[in-house]
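Quick note: the coordinates plus some simple rules give every number you see, no bench work behind them. Every value quoted in this text rests on a predicted model; they were computed, and no experiment measured them. Glycine gets a Cβ as well: all are built from the backbone with ideal geometry, and neighbour counts include every protein chain shown.
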Amino acid sequence: MKEETTNGTIHSAGQRQECLPEKASCRPLSVSSAPNALAERIKELNCLYGISNLFENQDVSLSWIMQRAVELIPAAWQYPENACARIRLDGHEYTSKRFTATRWRQNTKIILNGNDVGDVDVYYIDAPPVVDGGPFLEEEDHLLRAIGERLSKVLWLKRSEEALRESEERYRVLTEQVAEGVALVQSERFSYVNPEFCKMFDIPSAQEMVDGLVRCPPAGDADGIARIYGSRAHGVIESKVEEVHCLTRAERTSWIQVCHSPITFKGRPALLSTLKDVTEIKEQQMAAQRKADLLNDENRVLRSSLKERYRLGDILGRSPAMQAVYELILKAAATDASVAIFGESGSGKELVAHAIHDHSARKNNRFVAVNCGAVQESLFEREFFGHRKGAFSSADTDSPGYLDMADGGTLFLDEIGELTVNMQAKLLRAIEGGGYRPVGNMEPRLTDFRVISASNAALHDKVNEGEMRNDFFYRIQVVQIQLPPLRNRKQDIPLLVEHFLRTMKTRSATATVPGRIMDILIAYDWPGNVRELRNVLQRYVTLGHLEFLSPDPEAEMVPIATDLNLRDAVRRLEKAHISKALSRSSGNRTRAAALLGISRRALFRKMSTS
């Protein structure tokens, strides 16, 4: 809305400008009335100044400002005792004392950003003196428009202030609720830190950090904070910086991802930092890297020469069956899955468990072997979970259990099928991460261990017979390794014999065996597997003769010392083996020949000559 004044000046009611009363008046002034005109100008200026000054009051509402502004207006008019005013703004109405709406009215609009948001009215309560040009002076028209513009400015400033306050409040709420630490640094001092920042650095209260020096924080983990900021403690950087810092504390090591951003705060340079705890992600990355390293190690082993594959840890074997076992061992070692090893007694189940442990990420921690057949049910909790001092009469000190000792390492449960159903239920909860309670302690404990079990019998039979829980059965054998008996990998016998003789070498013993003795060792059925082979060789080294002691009533002892005729001894041994093979195959000669590892024709030839 534009209006042209008497001197040709164009005013806009919506613009932020002060329209002061002009020197020219619509009414002629005599010399004697000049002091009155000056007084009128002073009243007008006082009114405008008073309205502007209202905004300087801190923490006052818009309603408070408008109410006091409307009370200032009547005093600036020619007949203040007969004048009253009203401000209408955003649906609210503010009036001066003795306000009465009459027909003697003067009005202007309050324009904000081009929009009509309210208006200002001035009334004379009683009829004013009759003069030419109406009851209100032209200067009062200008003054009213100036008041409207001044109120528009006050409204704009107040709304901006409220918007800023709301923005700050939203930001404060946001920073206090986010899971990231937030800190504002200016002039080498903290201007703000949020609760998550305090939590990261063990700071009791955010208020303790405000105005504190970055180089020497007043509270919390001063070393960690100083490491995070480093040379940026002055709080001025040219561009955004992102870093990851490792903070080592007594209880744990943590990784903090930091983003430093340069900003302007209150007209001066400042540093806004956001901090995120990425310990879990970093540990996952490290675990993935360890797994990758293990896979690389596995690949190197798998790509090794055939000669190098004759051995894995303390396990020896060049046969295809043992090569398959080696691959399973390496694959099992690359994970933390539970492993179940099956094989006949003496086939080397514990050696396989050791090899898995030694090639895993747990190799630097304990390998705890437990003979489950020797564990009494009444002492199960004491042995597996440990006990605390005073738990029973003879408990003079705290004693760790198998699970405590295996923390970070491997728990090997030999002959796991010997555990009772109750013992399985107690152990299952600990294996699945539910924790356990040492005897005499009410607080549960959690330990990190890997379970490897061994059995010489099929466990599904025990499940069918009700001697093993279904959930326990499936939990302990995520990975299964079946060890072949020695009779199914006889090509490994020379390698094993050479190894055992080398470890048993004494002054009176030789490091090799004659070929005829080796033939006998290869021809033997080895019901006791590798353990029996070692014992037979130990007797051979000690006594100087070969002797088999088999629990099989059908097997024949071969006391070489009492009958030195090797041909007869070999004939008797072959006859015994052929008889046993025919018995096992129910007289089927083709199957018997396969059990003996010879052709059907060779079997007929030996049967005819024996």
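Across the stretch 263-273, rounded Karplus estimates of 3J(HN,Hα) from the backbone phi angles (6.51 cos²θ - 1.76 cosθ + 1.60, θ = phi - 60°) give 9, 10, 10, 6, x, 10, x, 8, 10, 9, 10 Hz, Gly and Pro being marked x. Ordering Thr95, Thr248 by the number of other Cβ atoms within 10 Å of each residue's own Cβ, fewest first, gives Thr248, Thr95. The lysines whose alpha-carbon is closer than 22 Å to the alpha-carbon of Lys158, local same-chain residues fewer than 8 away aside, are Lys109, Lys266. In plain terms, the residue of Arg150, Arg165 with the fewest other Cβ atoms within 10 Å comes first and the most crowded comes last, giving Arg165, Arg150. Arrange the following residues from fewest to most other Cβ atoms within 10 Å of their Cβ: Thr335, Thr253, Thr447. With the fewest neighbours first, Thr335, Thr253, Thr447 line up as Thr253, Thr335, Thr447.
Given Lys363/Lys490; Lys282/Lys349; Lys349/Lys462; Lys276/Lys331; Lys291/Lys490, which pairs have Cα atoms separated by over 25 Å? Walk me through the intermediate numbers first.
Details: Lys363/Lys490 31 Å; Lys282/Lys349 36 Å; Lys349/Lys462 20 Å; Lys276/Lys331 36 Å; Lys291/Lys490 35 Å.
Table pairs above 25 Å Cα-Cα are Lys363/Lys490; Lys282/Lys349; Lys276/Lys331; Lys291/Lys490.
Please label the shape of the stretch 305-484 as rounded, prolate or oblate, based on the square roots a ≥ b ≥ c of the eigenvalues of the alpha-carbon gyration tensor (a/c under 1.5 means rounded; beyond that, a/b larger than b/c means prolate, else oblate). It is prolate, given that a/c is not under 1.5 and a/b is the larger ratio.
Only Cα pairs under 8 Å and 6+ residues apart enter the sum, and on that basis the relative contact order of the stretch 178-277 stands at 28 percent. Starting from the Cα gyration tensor of the stretch 313-376, take the square roots of the eigenvalues, sort them a ≥ b ≥ c, and report rounded, prolate or oblate (rounded when a/c is under 1.5, otherwise prolate if a/b is larger than b/c, else oblate). Note, shape of the stretch 313-376 comes out oblate.
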